[in-house]
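**Student:** Let me begin by handing over the structure; questions about it come next.
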Amino acid sequence: MKQSEVFVYQKRLPLRERILDEICLARLQDLNGSGHRVRGQRFAVYANDWIGHNVNLYGVYEKELLDSTFGFLQMLNLDFSSHMVLDIGANIGNHCVYFSKLFKRVLAFEPNRSAYDLLRFNTQSCSNVELYNFGLGDFDGLASLFEDLENVGGSSIKYFDPSRQTPVPVQIKKLDFLDCDLSALILVKIDVEGFESSVIKGGLETFCRHRPIILIEQNRRDFPSKGGESEAITLLRDLGYCFFVNQPEFRSENWLSRRIRNLKEMFKGSVYRREITFAAKIPVSNYEMLIAVPDIMVPSFAL
């Protein structure tokens, strides 16, 4: 190349695409500041991950779900600040950081190394959080975790799609056999993509002894094909737990109904509401968080 020659890189972008990109970038820059104020700390995410998208947009993933859940639990007059929570399936630490502000001690379990690396970074300023790079189940040994690279939180031991997921070996231990002081245990969050019943079976003695409140995710695929409740729900009912469902006020699985609702909100605005109701039976559906409360804790007005 001669000294006078200049290398030029050129790429043509459609005007509409360029305008949208600039609008999105400006909006993300605004959200960056508000998100940091909501969290109160730095928080790392994977750029192509579902939870990452939500953290970038709202500051905290599922914040309304968490706020409404603990607002409801305040009716039980419990002092979380002197107790312990187990975060089973901690992923990159979104819920874990939230818990760290409410509980005296947080034990977080995450077997997926990809998620654990960010979990460790995101909780480094949380002095009351203890991390464990293994999962909980009903056996001690190795299992294959099918990692979803587009949604790290969707990685699963039980469910997998061979076209888009890669198996990685992870360590599993029983909750009942852990060498941990659980005397202050008051709440357990379980979000392990279909492996919930295995976690419960491996912690039956712990749940019977300490009777913690349990927050558990359940998806449609966790329910029997012939109907009825999932194995995890049945196990907890047998242990004497009552269930409360936390869900948005407007809940529809019909695509057209959701789109019409979205259009109305665009022009009229919206008030986001969630309802938490007692459920004698849990019908087949997707549940971001079911609240399982020991029957001795449930106030009569909540039933």
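The values are calculated or read from the model by the stated rules, or taken from the named source; none is laboratory data. Remember, predicted model here, so these are calculated numbers, not experimental data. All Cβ positions, even for glycine, are placed from backbone atoms using ideal geometry, and neighbour counts span all protein chains on display.
**Student:** Quick one: which residue in Val60, Val38 is in contact with a helix residue (DSSP H, G or I) (Cβ under 8 Å, 6 or more places away or on another chain), within 21 Å of Arg274 (Cβ to Cβ), among the aliphatic types (A, V, I, L, M) and surrounded by fewer than 17 Cβ atoms within 10 Å (Cβ to Cβ)?
**Tutor:** Going through Val60, Val38 in turn, just one is in contact with a helix residue (DSSP H, G or I) (Cβ under 8 Å, 6 or more places away or on another chain), within 21 Å of Arg274 (Cβ to Cβ), among the aliphatic types (A, V, I, L, M) and surrounded by fewer than 17 Cβ atoms within 10 Å (Cβ to Cβ): Val38.
**Student:** May I pose another question? Need the failing condition index for Ser127 against (1) polar (S, T, N, Q); (2) surrounded by 15 or more Cβ atoms within 10 Å (Cβ to Cβ); (3) more than 18 Å from the chain's Cα centre (by Cα), just the number.
**Tutor:** (2)
**Student:** Phe99 - would you say it is closer than 26 Å to Arg274 by Cβ, of a type outside the set (S, T, N, Q) and within 15 Å of the chain's Cα centre (by Cα)?
**Tutor:** For Phe99, the condition - closer than 26 Å to Arg274 by Cβ, of a type outside the set (S, T, N, Q) and within 15 Å of the chain's Cα centre (by Cα) - is met.
Let's see how each residue does on (1) part of a helix (DSSP H, G or I); (2) small (Gly, Ala, Ser); (3) at pLDDT below 95; (4) out of contact with any helix residue (DSSP H, G or I) (no Cβ under 8 Å at 6 or more places or on another chain):
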position	(1), (2), (3), (4)
His53	yes, no, yes, yes
Leu66	yes, no, no, no
Phe72	yes, no, yes, yes
Ala90	no, yes, no, no
Leu102	no, no, no, no
Ala108	no, yes, no, no
Ser114	yes, yes, yes, no
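**Student:** Return the only residue of Glu193, Glu147 being surrounded by 15 or more Cβ atoms within 10 Å (Cβ to Cβ), within 17 Å of the chain's Cα centre (by Cα), among the acidic types (Asp, Glu) and at positive phi.
**Tutor:** Answer to the check: Glu193.
**Student:** Given the conditions (1) surrounded by fewer than 17 Cβ atoms within 10 Å (Cβ to Cβ); (2) under 30 Å from Leu178 (Cα atoms), and given that Asp21 satisfies all but one, which numbered condition is not satisfied?
**Tutor:** (2)
**Student:** Taking the stretch 1-51 as the search range and keeping residues that are assigned to a loop (DSSP other than H, G, I, E, B) and of a type in the set (S, T, N, Q), which one is nearest to Gly93 (Cα to Cα)?
**Tutor:** Residue satisfying both the conditions and the ranking: Gln41.
**Student:** Test Phe72 against the stated conditions and say whether it is under 20 Å from the mean Cα position of the chain (by Cα), more than 22 Å from Leu131 (Cβ to Cβ) and aromatic (Phe, Trp, Tyr).
**Tutor:** When the stated conditions are applied, Phe72 passes them.
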